[in-house]
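For reference, the structure is listed below as structure tokens.
Quick note: the coordinates plus some simple rules give every number you see, no bench work behind them. Keep in mind it's a predicted model, so treat the numbers as computed, not measured. Neighbour counts are summed over all protein chains in view; Cβ atoms, including those assigned to glycine, are modelled from backbone coordinates with ideal geometry.
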Amino acid sequence: MVKNIFVFFFIIVSMVWSSESGVLAYRAKKSLEAGRFAKSYSQLEKALLATRKESDLLAEGRVLMMMAQIRTQSLDFTLADSLLSIIRQDALDTASIVALVQAKMALSNAQERYDETIRLSKTVSEEMLDETPDLLQGYFWREQALALTALKKNHEAEPLYKKAKNELPSHKASVVLMFAQAAFFEGRLSEADSLYADAAVKAIRENNSYISATILFYRAQIALKQKRNSEAEDFIKRSAQAFELMGLPNNQKRSEKLIP
């Protein structure tokens, strides 16, 4: 399941810019914006060492979350879980605690462990969410709503989609993508495909190659279900090539496994 690559950017902004870890985290942000996953992760590893040298547990937790997010998007689920498990929650502020839970929810959804996503969501109170930046609230509700839809609890999911839409930038691909995924879970394949196509246009305009490549993977799934095999093959090849160029071999292999 796709997440906006930059969901934790507010964490970087919260870090002390003059510190070594803050400078390295900012550089990692710029690399990630350019689609250079490996370079970004390497810079975050250096930032992590810097936070430990600075004895800053809050900054350390934030960097670990960012590293885990990249691992989740790289389909390295075991390592992502390991990174999240060593974060000292007692050292986090409220927004970072919510970010940690959101990161765990994203990981669970990526693994199709939707019951676990709902369990995690219940560990965050409304009061905690009120103290959290609006963008993070949007992504929190997004993960929760998609998990509920996957579990066929559409009635419970509907108000959460509305909340998420209100907090996420309406012009971004992430909003259209959310509704595309919901339509796919509900079996509305033609509608989902149309929404994915719209989200892809927005992702390309945003220079978000990760999302546009993942959308190709999702559209290939739909095309295969609808017996549009030649179109599916085109989606698969383009998706695999894009992930290869981004240095994401697991994503590339996932796309190639769809080849009929």
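For Val98, Val23, Val63, the sequence from fewest to most other C-beta atoms within 10 Å is Val23, Val98, Val63.
With no solvent and one equal point scatterer per Cα, compute the Debye intensity ratio I(q)/I(0) for the chain at 0.09, 0.10, 0.11 Å⁻¹ and report its log10, rounded to two decimals. Rounded to two decimals, the profile gives -0.38, -0.48, -0.58.
Per residue, the convex hull spanned by the Cα atoms of segment 169-260 measures out at 85 cubic angstrom.
If you plug the beta carbon distance of Leu245 and Asp93 into 1/(1 + (r/R0)^6) with R0 = 45 Å, you get a FRET efficiency near 0.75.
Remark: spin-label model distance Asn154-Leu79 equals 3.9 nm, labels positioned 7 Å along the Cα→Cβ axis.
Taken one residue at a time, the phi angles of segment 166-178 give Karplus couplings (6.51, -1.76, 1.60, θ = phi - 60°) of 5, 9, 8, x, 5, 8, 8, 5, 4, 5, 4, 4, 4 Hz. Gly and Pro are set to x. Phi angles across segment 150-157 convert, under the Karplus curve 6.51 cos²θ - 1.76 cosθ + 1.60 with θ = phi - 60°, into 3J(HN,Hα) values of 4, 8, 6, 10, 4, 4, 6, 6 Hz, Gly and Pro given as x. Segment 18-67 and segment 191-236 have Cα centres spaced 31 Å apart. Across segment 169-260, the relative contact order, built from alpha-carbon pairs under 8 Å that are at least six residues apart, equals 20 percent. Cβ crowding within 10 Å, taken as a proxy for footprinting-reagent exposure, orders Met105, Met246 from fewest neighbours to most as Met246, Met105.
Per the Kirkwood formula applied to alpha carbons, segment 116-210 shows a radius of gyration over Rh ratio, Rg over Rh, of 0.99.
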